[in-house]
Amino acid sequence: DTGVSQNPRHKITKRGQNVTFRCDPISEHNRLYWYRQTLGQGPEFLTYFQNEAQLEKSRLLSDRFSAERPKGSFSTLEIQRTEQGDSAMYLCASSGRGEQFFGPGTRLTVL
Amino acid sequence: AQSVTQLDSQVPVFEEAPVELRCNYSSSVSVYLFWYVQYPNQGLQLLLKYLSGSTLVKGINGFEAEFNKSQTSFHLRKPSVHISDTAEYFCAVILASGTYKYIFGTGTRLKVLA
């Protein structure tokens, strides 16, 4: 068990570009969560998967954001037409029936 | 709706002194409570959790927390801090059913001074 991994760890992009992040959860975990953390704030819930089904999306997740979890394993979070306000740390977490285990996050900077 | 309040944004404390980081929550239904620590440029690491049972919960690195239902609080304590405890600490709640998504407080930055 190597824990939750996220790639890339850092991403710098220009406004208007599309970006995609990947999360590999702990293998036996069926629940997967995405959170966004801005400077000086706690993480905020974005979306939740149980296996391959996306069961909840936050209102923070505008139509420029899309998340997938094909085959119930890894997940991707795509942001289209990035804006400077999208700059944040994007955290992924997975869980079985207990607490969530977090990955190291992907820090996005939109110039 | 549920919410979590961490009133102290920063707490400076000298090494080997005790510390308490405050957390209050609001919820009309049963919740589970957690404390996480975040070191710079890293993800969150679980310190301790309260699901049920004894209201005094012991966690890693010498931390403990007490669940107080009447005061809707879950304060984190350590009797003697070390320089290495310098980090951001987040209190979080989840509903006892449903998606189990976390609702986090805004965090408390603990700075341990030599």
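Within region B:1-35, count every residue that is touching a residue at least 60 places away in the same chain (Cβ under 8 Å), crowded, with 17+ Cβ neighbours inside 10 Å and among the aromatic types (Phe, Trp, Tyr).
Of the residues in region B:1-35, 3 are touching a residue at least 60 places away in the same chain (Cβ under 8 Å), crowded, with 17+ Cβ neighbours inside 10 Å and among the aromatic types (Phe, Trp, Tyr).
Only one of (1) at pLDDT 90 or above; (2) more than 9 Å from every other protein chain (Cβ to nearest Cβ); (3) in contact with a Ser or Thr (Cβ under 7 Å, 6 or more places away or on another chain) is not met by A:LEU61, so which one is it?
Answer for A:LEU61: the failing condition is (1).
Checking the conditions here, which among B:SER70, B:SER80 is modelled with pLDDT of 95 or more and either of a type in the set (A, V, I, L, M, F, W, C) or surrounded by fewer than 17 Cβ atoms within 10 Å (Cβ to Cβ) (or both)?
Going through B:SER70, B:SER80 in turn, just one is modelled with pLDDT of 95 or more and either of a type in the set (A, V, I, L, M, F, W, C) or surrounded by fewer than 17 Cβ atoms within 10 Å (Cβ to Cβ) (or both): B:SER80.
Would you point out which residue out of B:THR99, B:THR106 is within 14 Å of chain A (Cβ to nearest Cβ), free of Cβ contacts under 8 Å to residues at least 24 places away in the same chain, of a type in the set (Ser, Thr, Tyr) and within 19 Å of A:PHE45 (Cα to Cα)?
That would be B:THR99, the only listed residue that is within 14 Å of chain A (Cβ to nearest Cβ), free of Cβ contacts under 8 Å to residues at least 24 places away in the same chain, of a type in the set (Ser, Thr, Tyr) and within 19 Å of A:PHE45 (Cα to Cα).
Which is free of Cβ contacts under 8 Å to residues at least 24 places away in the same chain and aromatic (Phe, Trp, Tyr), of A:PHE65, A:PHE21?
Working: A:PHE21 fails: free of Cβ contacts under 8 Å to residues at least 24 places away in the same chain.
Of A:PHE65, A:PHE21, the one residue that is free of Cβ contacts under 8 Å to residues at least 24 places away in the same chain and aromatic (Phe, Trp, Tyr) is A:PHE65.
If we keep just the residues of region A:67-88 that are within 14 Å of the chain's Cα centre (by Cα) and either charged (D, E, K, R) or at pLDDT below 95 (or both), which is nearest to B:GLN42 (Cα to Cα)?
A:ASP86
In region A:31-57, what residues are part of a loop (DSSP other than H, G, I, E, B), crowded, with 16+ Cβ neighbours inside 10 Å and polar (S, T, N, Q)?
none
Only one of these is in contact with a Pro (Cβ under 9 Å, 6 or more places away or on another chain) and over 29 Å from A:LEU55 (Cα atoms): B:GLU64, B:GLU20, B:GLU15. Name it. Break it down into steps so the answer makes sense when it comes.
On the way: B:GLU20 fails: in contact with a Pro (Cβ under 9 Å, 6 or more places away or on another chain); B:GLU15 fails: in contact with a Pro (Cβ under 9 Å, 6 or more places away or on another chain).
Answer to the check: B:GLU64.
When you look at B:ASN41, is it on the phi > 0 side of the Ramachandran plot and within 11 Å of chain A (Cβ to nearest Cβ), yes or no?
yes
Within region B:44-62, count every residue that is aliphatic (A, V, I, L, M), part of a strand (DSSP E or B) and within 14 Å of chain A (Cβ to nearest Cβ).
Total satisfying the criteria: 5.
The values are calculated or read from the model by the stated rules, or taken from the named source; none is laboratory data. Since the model is a prediction, treat every value here as computed from it, not as a measurement. Glycine gets a Cβ as well: all are built from the backbone with ideal geometry, and neighbour counts include every protein chain shown.
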